[in-house]
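First the structure, in the form of structure tokens, and then the observations on it.
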Amino acid sequence: MISYPNRHCTVELQALPSRIGQVRRIVSAQLRYWHLDALIDRASLGVTELLSNVHRHAQPDKTCTVKIELLLDRLTVSVHDHDPRMPVVEDPQDIAPLATCGRGLAMVAAMSESWGVRPDGESGKVVWFTLPTSAVAAPARRARRAVLDKPVRRFAEVGSSADGLRPDHAPARSAVAG
């Protein structure tokens, strides 16, 4: 049984610096809508890097399509451009310490579960990365369980404070039976 249906969002754009910020806001809003707030920073970072690569390297044009897709326990973010040249991942040893470029795909690899690139027909490629969504829900469940495991004091178990004038704090109880 599928716990939630396949969801996707597609944006077509020119990979210009002003548009990259717009797409980052669209991705953030979509992830909030899907209740995946914990993935916003990593997804925004990854899509910014991939779009920056299109802006810097893609030829003959900067037109591209960003797609985010949620399927079961995985978010996939992909960028399709019309330049068939595959990206080159720099060896970290070959990058000057103060260089301002060359580390982007290594950063995408480090913050994602997986990533890759594939040719798309004769005129283009798709660069993608995935983020697990199962890790997003797990901490919330654990925190809730920790709260429920705390012993609950009954009214009769509430003692007096050190000064003996007022009772210690007790959890609030409903007067409604049930």
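The values are calculated or read from the model by the stated rules, or taken from the named source; none is laboratory data. Being a predicted model, the structure only gives us computed values, none of them experimental. Here the Cβ is made from the backbone with ideal geometry for all residues, glycine too, and neighbour counts use every protein chain on show. We work out accessible area using only protein heavy atoms, side chains counted, and drop any ligands, DNA or RNA first. Shrake-Rupley method; radii C 1.70, N 1.55, O 1.52, S 1.80 Å.
A few comments on the model shown:
- Single residue of region 110-128 satisfying the filter (outside any loop (DSSP other than H, G, I, E, B) and free of Cβ contacts under 8 Å to residues at least 12 places away in the same chain) that is most open to solvent (accessible area, probe 1.4 Å): Arg118
- Tally, over region 91-109, of residues that are open to solvent by 80 Å² or more (accessible area, probe 1.4 Å) and assigned to a loop (DSSP other than H, G, I, E, B): 4
- Scanning region 7-18 for residues that are surrounded by 11 or more Cβ atoms within 10 Å (Cβ to Cβ) and more than 15 Å from His80 (Cβ to Cβ) gives Arg7, Leu16.
- Within region 45-78, tally of residues that are open to solvent by 60 Å² or more (accessible area, probe 1.4 Å), closer than 14 Å to Leu16 by Cα and among the basic types (Lys, Arg): 1
- Members of region 82-109 that are in contact with a His (Cβ under 9 Å, 6 or more places away or on another chain) and within 21 Å of Ser44 (Cβ to Cβ): Pro87
- On inspection, Arg42 does not qualify as part of a helix (DSSP H, G or I), open to solvent by 90 Å² or more (accessible area, probe 1.4 Å) and touching a residue at least 12 places away in the same chain (Cβ under 8 Å).
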